[in-house]
Amino acid sequence: MHFKKIEEFDNLEMSYICDFSGGYISRNKNLFRELELSKLTQLILEKCVHGTPIFKLGNSGNKLLILSGIHGNELPSQIANVKLLNKLLFKDLNHTIYFIPFAAPKSSMNNERTFNEMDLNRSAHINGSLSNRIVQTVEDLGIDFVGDFHSTAYNANPGIESIFSSKSPTPESYLMANYISQDVGSEIIAFDFAGSSYKGAVEDVCNLKQIPAITCEVLCPFASVSEGTVEKSFNQMNSFLQYFGV
Ligand SMILES: [Zn+2]
């Protein structure tokens with residue numbers, strides 16, 4: 001995978017996970033109106049037209065991934081991810097941070113949970129699926145830790161602000177979740193073994209490959225943004241980075 005430097009932002013590099021998932025984020029009004037339209041944000045949206053972009057800041061330390069948009073209708077984390085990338089641009093970083101703000105821009109555009117009728121958080125174990133390509137990218141790049149950021153509704157599972165983790169085979173998943181839970185107050189949900197309740201979540205597939213991963217959820221109705229939810233997701237992301245001393 002080849003990363004290209006972006007001229008206008010000297011610290012920023014980007015590449016594509018795939019070229020069949022593109023979409024116009026601006027067509028999702030509930031999402032678009034919450035974005036601060038900086039030059040960087042405009043660039044991100046432009047890149048999303050052609051597929052799933054991955055961005056990179058920094059060149060040392062651990063390799064961390066901030067992932068969002070695995071469910072296109074879960075908006076707060078996608079907005080928070082863009083916000084975080086804007087905040088960390090031009091900062092001196094002691095770690096390498098990868099950002100996938102919109103895992104499936106087409107689904108984000110359509111405010112849809114699925115991508116081509118596939119739930120990406122149930123298909124990361126299926127060869128060739130979009131979320132499998134994301135996991136493949138995590139492996140290819142040697143990414144050390146993965147934070148996957150979602151939202152959940154009252155009547156959905158888990159229906160509370162929370163952090164999913166597992167204790168085995170990758171105990172650091174649980175340690176990361178525990179840290180973030182204590183830091184930001186989200187409930188911790190810990191399984192004994194990754195992927196034991198259902199198959200194909202990005203977090204579980206990473207943990208099964210011994211790449212420590214967590215899934216963070218904030219409480220927000222699907223397809224919309226309720227007050228304070230972007231900040232909550234942003235705080236979860238910040239806390240994930242803080243665990244590594246970013
Ligand atoms: Zn989700």
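The values are calculated or read from the model by the stated rules, or taken from the named source; none is laboratory data. The structure displayed is predicted, hence computed values, not measured ones. We place every Cβ from the backbone using ideal geometry, glycine too, and count neighbours over all the protein chains shown.
Listed by position, the helices (runs of 4 or more DSSP H) contained in the range 127-246 that have at least 2 residues being within 16 Å of the ligand (Cβ to nearest atom) and at pLDDT 95 or above are 130-141, 202-208, 229-243.
In the range 82-113, which residue that is in contact with a Gly (Cβ under 8 Å, 6 or more places away or on another chain) and closer than 21 Å to Asp204 by Cα is nearest to the ligand (Cβ to nearest atom)? Looking at residues that are in contact with a Gly (Cβ under 8 Å, 6 or more places away or on another chain) and closer than 21 Å to Asp204 by Cα, I get Arg113.
Restricting the range 17-54 to residues that are touching a strand residue (DSSP E or B) at 6+ places or on another chain (Cβ under 6 Å) and either of a type outside the set (S, T, N, Q) or part of a strand (DSSP E or B) (or both), the residue that is surrounded by the most Cβ atoms within 10 Å (Cβ to Cβ) is Thr52. Remark: Asn116 matches the filter, which requires a residue to be modelled with pLDDT of 95 or more, surrounded by fewer than 17 Cβ atoms within 10 Å (Cβ to Cβ) and farther than 24 Å from Glu8 by Cβ. Read through the list (1) touching a helix residue (DSSP H, G or I) at 6+ places or on another chain (Cβ under 8 Å); (2) farther than 27 Å from Gly22 by Cβ, then give the number of the only condition that Cys206 fails. Of the numbered conditions (1) touching a helix residue (DSSP H, G or I) at 6+ places or on another chain (Cβ under 8 Å); (2) farther than 27 Å from Gly22 by Cβ, the odd one out for Cys206 is (2). Taking residues in the range 49-73 that are within 16 Å of the ligand (Cβ to nearest atom), and partners anywhere that are basic (Lys, Arg), the pairs with Cβ atoms closer than 6 Å and at least 6 places apart or on different chains are His71/Arg113; Asn73/Arg113.
Restrict the check to the range 185-195 and report whether at least one residue is hydrophobic (A, V, I, L, M, F, W, C), in contact (Cβ under 8 Å) with a residue 60 or more places away in the chain and under 23 Å from Pro76 (Cα atoms). The answer is no; no qualifying residue exists.
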